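What follows is a set of notes on a single structure, which appears directly below.
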Amino acid sequence: MTIAEERSTCVYFDGSCPICSKEIAFYKRNSTHKSFKWVDVANVETVGLLPQGLSRDELLARFYIKTGSGQLLSGADAFILIWKNTPGLRIIGCFAGLPVVKQLLHGCYELFLWFRRRKA
């Protein structure tokens with residue numbers, strides 16, 4: 001990812017989810033790219049910042065990142081991008097990017113989402 005893309009990368013998260021909020025707060029404090037744009041989708045004031053093609057409900061249901069080049073990442077792919085840009089997690093991000101590990105992470109994230117929907 002180029003510097004220009006990093007500066008215009010939007011991270012869409014559910015600020016009403018206690019787990020999500022704590023994790024995003026950690027990333028905000030520790031990410032090496034302070035210019036990531038963090039968008040709390042649960043906040044009604046962010047309506048103008050939401051990407052075209054995805055509803056608020058879709059964005060609340062899953063973790064998304066839109067890069068400056070317009071690439072939309074979700075789930076494990078989105079986490080991997082954040083991890084690669086967070087000191088102390090870079091090695092995890094690189095390891096998580098390996099195909100077999102990424103598949104496992106996708107499955108784990110889907111399982112997390114299943115439990116999260118059941119609790120809602």
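The values are calculated or read from the model by the stated rules, or taken from the named source; none is laboratory data. Keep in mind it's a predicted model, so treat the numbers as computed, not measured. Neighbour counts are summed over all protein chains in view; Cβ atoms, including those assigned to glycine, are modelled from backbone coordinates with ideal geometry.
Scanning the range 47-59 for residues that are buried (at least 17 other Cβ atoms within 10 Å of the Cβ) and within 19 Å of TYR27 (Cβ to Cβ) turns up just one, LEU59. Where strands (runs of 3 or more DSSP E) sit wholly within the chain, none has at least 2 residues that are in contact with a Lys or Arg (Cβ under 6 Å, 6 or more places away or on another chain) and at pLDDT below 95.
Within the set of pairs 6 or more residues apart or between chains, which connect a residue that is closer than 15 Å to LEU73 by Cβ inside the range 87-109 to a residue that is modelled with pLDDT under 95 and of a type in the set (Lys, Arg) with Cβ atoms less than 7 Å apart? From the range 87-109, the pairs are GLY93/LYS84. Counting the residues of the range 52-76 that are aliphatic (A, V, I, L, M) and farther than 17 Å from CYS20 by Cβ gives 1.
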